[in-house]
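Structure first, commentary second.
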Amino acid sequence: MRETTVTNSPPEEGFAEADTIATIGLGMAIQERVMPLMTVTESAAEKIKQLMAEETDVSVLRVAIQGGGCSGFQYGLGFDRGAVEGDLEFEMHGVQVVVDPFSAPYLQGAEVDYVDSIQSSGFAINNPNAVSSCGCGHSFQVDEGEPDANIGGCGSGCSA
């Protein structure tokens, strides 16, 4: 996703700066900023860095989705040695994150958070693409059709 900002800035002596990305007319500059595929909250980043420090030979957080669960898809979070060909990569709050190309469309705009409350503790993915999820929150469905009636539970004790 790209965000484009147009700013008015008076040119110095009639010429744009050398680092200006593009100019439109006199004194108008377009600045383009690449938005990350998804976000990682500060609390999630702190917990991820803490857990990564306990591991050996890992350098990135891999976020993925895979078929399964009672709602059709389930999330996968894990540590990896690095990106592989085709992965989308970004850094947020000091954490390197990689997402495979199959998972990317389903995770566009999602947020990885870490919750630590009296009721629950763990990572949570807030996904605007999910139209429904199972009771335990481990699996979800996107708006691509009806869930498969033959899919069983997600393994966390909930049922379809």
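Points worth noting:
- Residue satisfying all of: in segment 45-60; among the hydrophobic types (A, V, I, L, M, F, W, C) and in a helix (DSSP H, G or I); surrounded by the most Cβ atoms within 10 Å (Cβ to Cβ) among these: I48
- From G69, G109, G78, residue being small (G, A, S) and touching a Ser or Thr at 6+ places or on another chain (Cβ under 7 Å): G69
- Residue count for segment 83-129 under the criterion of being in a loop (DSSP other than H, G, I, E, B) and of a type in the set (S, T, Y): the result is 3.
- When residues of segment 115-150 are limited to those that are crowded, with 17+ Cβ neighbours inside 10 Å and of a type in the set (A, V, I, L, M), the one modelled with the highest pLDDT: I125
- Segment 61-82: number of residues that are part of a strand (DSSP E or B) and either in contact (Cβ under 8 Å) with a residue 40 or more places away in the chain or within 16 Å of A104 (Cβ to Cβ) (or both): 13
- Selection of segment 70-114 for residues being surrounded by fewer than 17 Cβ atoms within 10 Å (Cβ to Cβ), of a type in the set (A, V, I, L, M, F, W, C) and closer than 22 Å to V142 by Cα yields L77, F102.
The values are calculated or read from the model by the stated rules, or taken from the named source; none is laboratory data. None of the values given here were measured: they were computed from a predicted structure. Note that each Cβ is placed from the backbone with ideal geometry, even for glycine, and that neighbours are counted across all protein chains shown.
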